[in-house]
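The values are calculated or read from the model by the stated rules, or taken from the named source; none is laboratory data. Because the structure is a prediction, the values reported are computed rather than measured. Glycine gets a Cβ as well: all are built from the backbone with ideal geometry, and neighbour counts include every protein chain shown.
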């Protein structure tokens, strides 16, 4: 054999860590910086020159609870999210079951229709929805938010759960059926427990999108009766102070921490959830 | 309990009915309402029928086309950038033993509320002038640059905010796609003499195309509806250069209260969405389905 | 064309041993088969030769040069995988061309070499198809084609036939052997199928538990097994292994007595005798027992004898028939008896 080329086995590693590390820094530094903003006194946020070594202060924390009905915002967010997720799951689970297990004539079309609602831009239906809720007297209520969030997430949740249901071997149902179980019982006692990871993933992702929702919430919620965290942020202005960034940063982190914890817990299922089942992580 | 044949056949339809019904309520009713309203000139509570005049005005409205152009420009640059970045990162990360750690770190931007992210970058680019300051210290520019008052710089700040937050979305999906590929094929390529970049370019990436397509379509649709960033960071300035189509509808509807006009724009967007859904989604639906 | 030398090769993952102490010299153009049950370390050893795994200890040499630090892509080794590993997005032509592209072979040459290789595996008319459009056997041949196109120094094959049906397997065996002779390339072949090993190999390396049990030609392995594992692994139906005792030159077990045994002393011994080296008859009546089963196969009849708790296979004449539980006597061919130490399994006589 002619003299073999010897390539150093480790040389590509340098480039790899440069790229990955670089992006990691780009991800984390703004977060750390923003975190520092949350812990600054009011005077140090907007200054002629940016301050890189700020003084520590809990001004923001005090502020958000005293100057704004923070507890109320939290309550609204939590209620709206929980309510919408429940509505979503109640509608989506049977639908997913139907799409995954049965063969019927319009199954493709129905599935396609549900999928297509994911593609709909909120802005398109924003105005009619606004008028609809106004006429129904539902403006500025949490119910309206629940209904909207559920509608936005329904497509996603249905497809995620459907994807997990497809993994369940049909023999399981056949066995239950010969044992005498009715279809609904099968759904309740066998299918749902079997695709619980999928249901949880779908619920979590739906909750996150509900927290994030901005446009509809902006239109529907006009007083703190229905303000959620997402929109409350946009209203943290204090007249002459302009935008109160340290308060915003504080609230942003308040919302971030639980989301982070939950997502890390389900991260295995994340890619599958985000692509509605198309990519199995 | 014996069920009638009819009930048995109808059962799957009954299961989907609530979901479909709900969605129809949220899409069909507003859709019809929007079409109806678009034919009127709406001033507070008085509706005057004007037929297709709204549409005629719309198509002649410079701002409307500007909004479309903005959406296209900002959207495509942001999408292309995050796609390329996500591929690059996924290529390096998917074989790395520390992949779980990278994934968690990269996920962080995605887990903030979009409105919060908008504020982060608003502060960085404009109000706090951090970016400008850093660039000055690095010697790249002489004086403070006001990002949000220059057309392209304002767009850039929107793009940066979107790329920062949503690259992880694509990254997670791409990594999952790469990791699910058969290891033997990669080993065969190694023995065939291919370097890692060659393997990625010739084999892994082509094999991953369906996955890339699905992810890019999903993200692409979300980008075209960019609203929070615009609302919080620029409000469409300077001079409408960063007004996306969603913001245009919002502004004409809720700022100038020209609801009929805004509805017309909504209807046009609806038609566009339907066309996109028919072509792109149907293809992804058929091929991307398991 | 290369010699391969493995010296002191070990592979460990954490606390788990994959391969312990493998030493073997493979000559140029030799066809060596690594044979053993799953998990015995044969595939791991081969992957270390390929460079896909690094040995925890030991050296791998090709033509005298140490290869441990050489990357897989530089080793000039071609591998046929069990799952074929064809690139799904490329046509067969592109698949076969790929290694040539990666090595920088000039374009004009590429086409010629691809077509030559395709001809050799009889896929000339399938070059435009993608792997998904081919049958299992065709994919196998495509994988072979891709391996041979660049005239590597070494062929490695990881159970390439195990995904094929029996008939196809037989045809491919012949083709592979023929190709190897034609191309004169050193080949390492991994399998758990002893028939493949016996028919293809110049030498067989029998492995179990990460250790080499025996290295030898098929004849040697068959006729001269080094321990009970090798003896029981090769041959179908497998050799009968009967535990018993030798004392005073006589082997005794339930229902069995063999005199004049070349084993000294008194010790527990395992007797090995192949079914085809037994016949029904009472001349020496080494075995007395009951008929437990009679299985005619057309070519012969296999008689299962029950002696004490043991079942013993005997190859009888094709027209042998008997009722069950009837007493029967069997004589062994004395020149074809094997004796193993009952504890270690090593051959002692």
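Quick notes on this structure:
- When restricted to residues that are in contact with a helix residue (DSSP H, G or I) (Cβ under 7 Å, 6 or more places away or on another chain) and touching a residue at least 24 places away in the same chain (Cβ under 8 Å), region C:55-74 contains 3.
- In region C:61-83, the residues that are under 22 Å from the mean Cα position of the chain (by Cα) and over 15 Å from residue C:149 (Cα atoms): C:81, C:82, C:83
- Subset tally (residues that are modelled with pLDDT under 85, surrounded by 13 or more Cβ atoms within 10 Å (Cβ to Cβ) and part of a loop (DSSP other than H, G, I, E, B)) for region A:171-212: 1
- Total residues in region B:246-275, condition at the interface with chain A (Cβ under 7 Å from one of its Cβ atoms) and over 21 Å from residue A:230 (Cα atoms): 8
- Annotation: residue A:166 fulfils all but one of (1) surrounded by fewer than 19 Cβ atoms within 10 Å (Cβ to Cβ); (2) more than 20 Å from the chain's Cα centre (by Cα); (3) at pLDDT 85 or above; (4) more than 10 Å from chain B (Cβ to nearest Cβ); the unmet one is (4).
- Scan region C:137-185 for residues that are out of contact with any helix residue (DSSP H, G or I) (no Cβ under 9 Å at 6 or more places or on another chain) and touching a residue at least 24 places away in the same chain (Cβ under 8 Å) and the total you get is 2.
- Subset tally (residues that are assigned to a helix (DSSP H, G or I) and exposed (fewer than 14 other Cβ atoms within 10 Å of the Cβ)) for region B:25-49: 3
- Of all residues in region A:227-270 being modelled with pLDDT under 80 and in a loop (DSSP other than H, G, I, E, B), the one that is farthest from the other protein chains (Cβ to nearest Cβ): A:238
- Qualifying residue in region B:254-268 (condition: surrounded by 24 or more Cβ atoms within 10 Å (Cβ to Cβ), without any contact (Cβ under 8 Å) to a residue 24 or more places away in the chain and under 18 Å from residue A:219 (Cα atoms)): yes
- Among the residues of region C:1-29, the ones that are farther than 23 Å from residue C:217 by Cβ and in a loop (DSSP other than H, G, I, E, B) come to 2 in all.
- Selection of region C:141-176 for residues being more than 22 Å from residue C:30 (Cα to Cα) and surrounded by 24 or more Cβ atoms within 10 Å (Cβ to Cβ) yields only C:142.
- Taken over region B:55-64, the residue count meeting the criterion of being out of contact with any helix residue (DSSP H, G or I) (no Cβ under 8 Å at 6 or more places or on another chain) and either more than 30 Å from residue B:262 (Cβ to Cβ) or surrounded by 13 or more Cβ atoms within 10 Å (Cβ to Cβ) (or both) is 1.
- Those strands (runs of 3 or more DSSP E) lying entirely in region C:198-306 with at least 3 residues surrounded by fewer than 18 Cβ atoms within 10 Å (Cβ to Cβ): C:240-247, C:287-296
- Helices (runs of 4 or more DSSP H) lying entirely in region A:1-118 (those with 2 or more residues that are at pLDDT below 75 and either facing another protein chain (nearest Cβ under 10 Å) or over 21 Å from residue A:253 (Cα atoms) (or both)): A:11-38
- Filtering region C:158-183 to residues that are within 12 Å of residue C:80 (Cβ to Cβ), in a helix (DSSP H, G or I) and within 16 Å of the chain's Cα centre (by Cα) leaves C:172, C:176.
- Considering residues of region C:34-75 that are in a strand (DSSP E or B) and under 20 Å from residue C:233 (Cα atoms) only, the residue farthest from the other protein chains (Cβ to nearest Cβ): C:35
- Qualifying helices (runs of 4 or more DSSP H) (wholly inside region B:99-186; at least 2 residues being facing chain A (nearest Cβ under 9 Å) and over 22 Å from residue A:264 (Cα atoms)): B:114-122, B:130-137
- Of all residues in region B:191-210, those satisfying the criterion of being within 7 Å of another protein chain (Cβ to nearest Cβ), in a helix (DSSP H, G or I) and buried (at least 22 other Cβ atoms within 10 Å of the Cβ) are B:191, B:203.
- Subset of region B:227-253 (residues that are without any contact (Cβ under 8 Å) to a residue 60 or more places away in the chain and on the phi > 0 side of the Ramachandran plot): B:235, B:236
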